[in-house]
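Chemist: What follows is a structure written as structure tokens; I'll ask about it next.
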Amino acid sequence: MLQRYAHRTCVLTASTQGIGLATAARFLLEGGQVVISSRKKDQVQEKVEELETLMRNTFEAKSETAVRAFFCGNQNQNNFNVGEASDMMKEMVKKKLIIPGKVVGKVCHQANANDRLELLKFALSSFQTNKIDVLVLNAAASTHYGEFIHLPEKSIDKMFETNVKSTILFAQEAKPFLMPENEKNENNNTLLFPEYNFSPCISITSSVGAYVPCSPVGFYSASKTMLLGVTKALAENYSHYGVRVNSVCPGVTRTRLAEKLVEQVQQNNNNNSENNNKKHEKLANAAGGLNDGGFMHRVGDPREVAAGIAFLCSRDASFITGENLVIGGGGFYHL
Ligand SMILES: NC(=O)c1ccc[n+]([C@@H]2O[C@H](COP(=O)([O-])OP(=O)(O)OC[C@H]3O[C@@H](n4cnc5c(N)ncnc54)[C@H](OP(=O)(O)O)[C@@H]3O)[C@@H](O)[C@H]2O)c1
């Protein structure tokens, strides 16, 4: 595991479940100072405790599984000496060669202006810093499952407000926190090692639905299409301030939000496997769409999306802005 977020303050909306929670865990494992949030206080509290346990299990080497995962990412590797790895972990933490992440949490409804401002201020005071390095805007509402032509006006308003409008507003409001006045831009003297640059950044969660607005979630998909344009426009403007902005488009990923789509993918794949020996003869568009899990014919795990977000927000992506990363197991979503 890398340590790309050591001493970096990372604020995430919609992060007590699914993709947001997995991303928070990833930032923490990489040393980040992380603020999680969502609408429900008990959820926030519960998940802060869960993440603190994950940190203890990993960095105090209290869980064999956690130590294996941290060092080799392969829980079943046979020739891995857990005892030695645990001792090494403790020693490296003691010598500050590995920085364990820290986590706090606060209620924030992404569509509530006061909640948004309080979340940003809370991040600064919690970690006694004057700036936020990473902002992950991850909240979405999907309030209509059915034919687009029967989409109620109330649903349009709700989804537009949560998915699009609050994302734009939060990105605007975060500017003085991402790039405080008098803050020296770090990206000035490392031409030889550009990978050492860390520019503050925003990650926006769109969806493969942005490219394929499918019938049961047509407006939700269209709202995600708009986020691709929002990402590009924000990135161009924010580039004047040294802030990067990117988005990710997850394919169907195993989370509460996508329960029905996950079921659909599994059903379609079961039907297809009955006819398995003819699989390669199927029409191309039937083998690379949202409904059968793309080229890889499976749904995603939230940690796979988290890994993509953690790449885009890190120094490894120092020359990437205004782009969108599809994390969807391959598919004919776009060229
Ligand atoms: N799962 C997929 O297949 C998939 C695919 C493409 C894109 N996405 C996108 O990924 C993002 C995360 O979705 P997920 O699948 O991880 O969902 P999830 O597992 O259902 O988690 C949703 C999280 O968002 C919080 N939340 C919901 N509405 C909120 C709001 N208005 N303000 C703040 N927090 C809010 C929830 O907590 P509270 O209830 O406590 O607020 C929860 O922590 C969304 O933008 C979604 O559109 C998901």
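Rule-based calculations on the coordinates, nothing more; no lab input. Given the structure is predicted, the values throughout are model-derived calculations rather than measurements. Every residue, glycine among them, receives a Cβ derived from its backbone with ideal geometry; neighbour counts consider all protein chains shown.
Chemist: Once phi is turned into ³J(HN,Hα) by the Karplus curve 6.51 cos²θ - 1.76 cosθ + 1.60 with θ = phi - 60°, what whole-Hz value does each residue of the range 86-96 show in order, with x for glycine and proline?
Modeler: Rounded to whole hertz, the list is 5, 4, 4, 4, 4, 5, 5, 5, 4, 7, 6.
Chemist: Moving on to the next point. For Ser247, which sequence-distant residues (separation of 5 or more, or a different chain) have an amide H within less than 5 Å of its own amide H, given hydrogens modelled in the peptide plane?
Modeler: Ile204, Glu323, Asn324, Leu325
Chemist: Cut-off is 10 Å between beta-carbons; in what order do His240, His334 appear when sorted fewest neighbours first?
Modeler: Details: His240 8, His334 12.
The order, fewest Cβ neighbours first, is His240, His334.
Chemist: Could you line up Cys249, Cys72 from fewest to most neighbouring Cβ atoms inside 10 Å? Write out the running numbers ahead of the final one.
Modeler: Values: Cys249 24, Cys72 14.
With the fewest neighbours first, Cys249, Cys72 line up as Cys72, Cys249.
Chemist: What is the chain's relative contact order, in percent, from Cα pairs under 8 angstrom and six or more apart in sequence?
Modeler: 18 percent.
Chemist: At what distance in nm do the modelled label points of Lys62 and Glu91 sit from each other, each positioned 7 Å from its Cα along Cα→Cβ?
Modeler: For the pair Lys62/Glu91, the computed spacing is 2.4 nm.
Chemist: Here is a further query. Given the rule -39500 (n - 2.57) for each run of at least 4 DSSP H residues, summed and divided by the residues of the chain, what is its mean residue ellipticity at 222 nm, to the nearest 500 deg cm²/dmol?
Modeler: -12500 deg cm²/dmol
Chemist: For the range 263-268, in order, what is each residue's ³J(HN,Hα) by Karplus, 6.51 cos²θ - 1.76 cosθ + 1.60 with θ = phi - 60°, in whole Hz (x at glycine and Pro)?
Modeler: 4, 5, 4, 5, 4, 4
Chemist: What residue among Val103, Val11, Val212 has the largest mean-square fluctuation in a Gaussian network model of the chain, using Cα springs under 10 Å?
Modeler: Largest GNM mean-square fluctuation: Val212.
Chemist: Assuming 1.002 mPa s and 20 °C, estimate D for the chain with Stokes-Einstein, Rh taken as the Kirkwood radius over Cα pairs, in µm²/s.
Modeler: Approximately 102 µm²/s, per Stokes-Einstein.
Chemist: Let me ask another. Compute the distance in nm between two label points, each set 7 Å from the Cα along the Cα-to-Cβ direction, one at Asn269 and one at Ala6.
Modeler: 3.8
Chemist: Give the aspartates and glutamates reachable from Lys40 as a straight Cα distance under 16 Å; neighbours fewer than 8 places away on the same chain don't count.
Modeler: Glu49, Glu50, Asp115, Glu118
Chemist: What percent do you get for the relative contact order of the range 71-179 when only Cα pairs under 8 Å and 6+ apart count?
Modeler: This gives 25 percent for the range 71-179.
Chemist: Continuing with this model, one more query. Most exposed first by the Cβ proxy, i.e. fewest other Cβ within 10 Å, how do Leu325, Leu119 rank? Could you put the intermediate results ahead of the total?
Modeler: Numbers: Leu325 19, Leu119 28.
If I rank by nearby Cβ atoms, fewest first, I get Leu325, Leu119.
Chemist: Test of understanding: in a Gaussian network model of the chain with alpha carbons linked when under 10 Å, which of Leu28, Leu257, Leu290 would top the mean-square fluctuation ranking?
Modeler: With Cα springs under 10 Å in the chain, the top fluctuation among Leu28, Leu257, Leu290 is at Leu257.
Chemist: Kindly state, to the nearest 0.05, the FRET efficiency for Asp301 paired with Glu181, given R0 = 56 Å and r defined as their beta-carbon distance.
Modeler: For Asp301 and Glu181, the calculated efficiency is 0.85.
Chemist: Which of the residue pairs Lys41/Lys131; Lys41/Lys96; Lys106/Lys224 have a Cα-Cα distance greater than 29 Å in the structure shown?
Modeler: Result: Lys41/Lys96 exceed 29 Å.
Chemist: Taking amide H atoms as placed 1.01 Å from N in the peptide plane, list the residues 5 or more away in sequence, or in a different chain, whose amide H sits under 5 Å from that of Ala141.
Modeler: Those lying under 5 Å, H to H, from Ala141 are Asn163.
Chemist: Here is a further query. So how much slack lies between Lys260 and Glu49, counting 0.36 nm per residue of separation and subtracting their Cα-Cα distance, in nm?
Modeler: Details: separation 211, 0.36 × 211 = 75.96 nm, distance 2.90 nm.
Answer, rounded to one decimal: 73.1 nm.
Chemist: When the chain is treated as a GNM, springs tying every alpha-carbon pair under 10 Å, which of Ser125, Ser221, Ser314 comes out with the largest mean-square fluctuation?
Modeler: Of Ser125, Ser221, Ser314, the Gaussian network model singles out Ser125 as fluctuating most.
Chemist: Can you run phi through the Karplus equation (6.51, -1.76, 1.60; θ = phi - 60°) for the range 124-133 and list ³J(HN,Hα) in whole Hz, with x for Gly and Pro?
Modeler: 4, 6, 4, 10, 6, 10, 9, 8, 9, 8
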